[in-house]
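Only one structure is covered here, and it is reproduced in the block below.
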Amino acid sequence: MSIQQMTVIGAGQMGAGIAQVAAQAGLSVRLHDLSEKQVEQGIAVIANNLARQVEKGRMEEREWAAVLERLQGEVDLEKAAGQADIVVEAVVENLAVKTDLFRRLDAICPAHAILASNTSSLPITEIAAVTKRPEHVIGMHFMNPVPVMKLVEVIRGLATSEAVFQAVEALARDLGKTPVEVNDFPGFISNRILMPMINEAIYALYEGVADKEAIDEVMKLGMNHPMGPLTLADFIGLDTCLFIMETLHEGFGDSKYRPCPLLRKYVKAGWLGRKTGRGFYTYE
Ligand code: CAA
Ligand code: NAD
């Protein structure tokens, strides 16, 4: 399976990162979001990231221009995905939004196209089931920030074909990442382990065990984590953290995954972390 054209749906922090690494690896990339403004913001983030590489002497200006040339923003979904060899979906972590999108993509994309989801926790099998090509649907779960993090969890749905699995593993390697195969269960491996730790850190704050800085400092200095769990939650997005905990809670029916009420409260207040300027911490 030859993959030359990638369409990325969602130009937020993950979608922009995925589009960047794909364009840097030589793929022709279309980046789609709901509005021109969101697409432009995504492309501006990529241009800034690449400009930093040029400043640091790691990329020639010529290459910077060539990467941006391979990248095209497109708000019309049909134009964005009509020629794709692979679509990587990175929209909000909501099953109804994702299944609606996959239904539409199934009708728009060429028959050979792979439809991949960057979902953090939702069932690939259920997303695949709304399409007429479940054997071409797969989970391709990148980590944030995408240009830096090496891992891609690759998740087969029940019907995913071996050829599609192999093609996505090979693509992950071509993007400079290390693919790891994981089965289709809520939160896969990454978020089944990471998110309960973050939720527990929020409970510790909620119960007054320590203040936020102390909680983060313990995990940074004591466990050598690059970011404390509350800083990491702000970085991921508190809405995404809550959606993932809800998926784990509902998927396993186990009270150990109940989302902390303080997390719910912050999300209801619109304090979503870095992306809104306020979460557990405030940002300029
Ligand atoms: N985009 C692109 N590049 C970025 C970046 C971003 N958002 N943030 C940092 N970088 C780059 C910097 O440019 C720098 O690059 P160079 O070394 O080439 O100069 C490098 O990363 C290191 O950055 P800094 O020196 O500024 O800062 P740092 O050493 O503290 O590293 C970090 C930043 C890599 C984000 C580090 O703090 C870290 O690893 N944090 C934890 C990240 C993590 O756990 N990610 C997983 C989240 S969970 C997930 O993704 C799954 C999910 O479904 C929720
Ligand atoms: P984000 O909020 O930064 O961006 C989401 C983007 O999707 C927004 O620009 C929004 O306008 C767009 N969008 C929403 N509905 C859309 C639709 N129907 N069509 C087109 N665009 C639409 O979110 P994010 O952090 O980039 O997360 C995106 C996905 O990646 C989620 O499934 C999330 O769980 C997953 N993920 C997130 C992280 C993380 O650390 N944030 C890590 C790995 C995976």
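The values are calculated or read from the model by the stated rules, or taken from the named source; none is laboratory data. Because the structure is predicted, anything quoted here is derived from the model rather than measured. Positions of Cβ are backbone-derived with ideal geometry, glycine not excepted, and every protein chain shown enters the neighbour counts. Ligands, DNA and RNA are stripped out before the accessible areas are found, and what is left, the full protein with its side chains, is counted by its heavy atoms. Shrake-Rupley method; radii C 1.70, N 1.55, O 1.52, S 1.80 Å.
Within the stretch 82-106, which residues are more than 15 Å from ligand 2 (Cβ to nearest atom) and either over 19 Å from the mean Cα position of the chain (by Cα) or open to solvent by 60 Å² or more (accessible area, probe 1.4 Å) (or both)? Within the stretch 82-106, Gly82, Gln83, Asp85 meet the criteria.
For the stretch 38-67, which residues satisfy the criterion of being assigned to a helix (DSSP H, G or I) and open to solvent by 70 Å² or more (accessible area, probe 1.4 Å)? Spell out how you get there, then give the answer.
To start, the set of residues in the stretch 38-67 that are assigned to a helix (DSSP H, G or I) comprises 38-55, 61-67.
Answer for the stretch 38-67, where residues must be assigned to a helix (DSSP H, G or I) and open to solvent by 70 Å² or more (accessible area, probe 1.4 Å): Gln38, Glu40, Gln41, Val45, Asn48, Arg52, Glu55, Glu61, Arg62, Glu63, Trp64.
With respect to the stated conditions, Gln24 fails to be open to solvent by 60 Å² or more (accessible area, probe 1.4 Å) and more than 14 Å from ligand 1 (Cβ to nearest atom).
Among the residues of the stretch 48-94, write down those that are within 15 Å of ligand 1 (Cβ to nearest atom) and either within 17 Å of Leu115 (Cβ to Cβ) or in contact (Cβ under 8 Å) with a residue 24 or more places away in the chain (or both). Selection gives Asn49, Leu50, Val67, Val88, Glu89, Ala90, Val91, Val92, Glu93, Asn94.
Scanning the stretch 7-29 for residues that are over 10 Å from Val88 (Cα atoms), near ligand 2 (Cβ under 9 Å from one of its atoms) and part of a loop (DSSP other than H, G, I, E, B) gives Ala11, Gly12. For the stretch 96-117, the criterion of being within 21 Å of Gly187 (Cβ to Cβ), within 14 Å of ligand 1 (Cβ to nearest atom) and in contact with a strand residue (DSSP E or B) (Cβ under 6 Å, 6 or more places away or on another chain) is met by at least one residue.
When residues in the stretch 141-175 are screened for being of a type in the set (A, V, I, L, M, F, W, C), open to solvent by 50 Å² or more (accessible area, probe 1.4 Å) and over 17 Å from Phe185 (Cβ atoms), 4 of them pass. Considering only residues in the stretch 124-140 that are open to solvent by 10 Å² or more (accessible area, probe 1.4 Å) and not in a loop (DSSP other than H, G, I, E, B), the one that is farthest from ligand 2 (Cβ to nearest atom) turns out to be Glu135.
For Val29, the conditions (1) surrounded by 15 or more Cβ atoms within 10 Å (Cβ to Cβ); (2) farther than 17 Å from Ala113 by Cβ all hold with the exception of (2). When Leu248 is tested against the conditions (1) within 19 Å of the chain's Cα centre (by Cα); (2) within 30 Å of Gln24 (Cα to Cα), the lone failure is (2).
Within the stretch 253-269, is there a residue that is within 15 Å of ligand 1 (Cβ to nearest atom), modelled with pLDDT of 95 or more, in a helix (DSSP H, G or I) and open to solvent by 60 Å² or more (accessible area, probe 1.4 Å)? Within the stretch 253-269 (the criterion being within 15 Å of ligand 1 (Cβ to nearest atom), modelled with pLDDT of 95 or more, in a helix (DSSP H, G or I) and open to solvent by 60 Å² or more (accessible area, probe 1.4 Å)), the answer is no, since none of the residues qualifies.
Has the stretch 212-220 got at least one residue that is on the phi < 0 side of the Ramachandran plot and within 18 Å of the chain's Cα centre (by Cα)? Checking the stretch 212-220: not a single residue is on the phi < 0 side of the Ramachandran plot and within 18 Å of the chain's Cα centre (by Cα).
Inside the stretch 201-212, can you point out the residues that are charged (D, E, K, R) and touching a residue at least 12 places away in the same chain (Cβ under 8 Å)? Quick ask: steps written out before the conclusion?
First, the residues of the stretch 201-212 that are charged (D, E, K, R): 207, 211-212.
Within the stretch 201-212, Lys212 is the sole residue that qualifies.
For the stretch 185-231, the candidate set comprises residues that are open to solvent by less than 50 Å² (accessible area, probe 1.4 Å) and outside any helix (DSSP H, G or I); within that set, the residue that is farthest from ligand 1 (Cβ to nearest atom) is Ala210.
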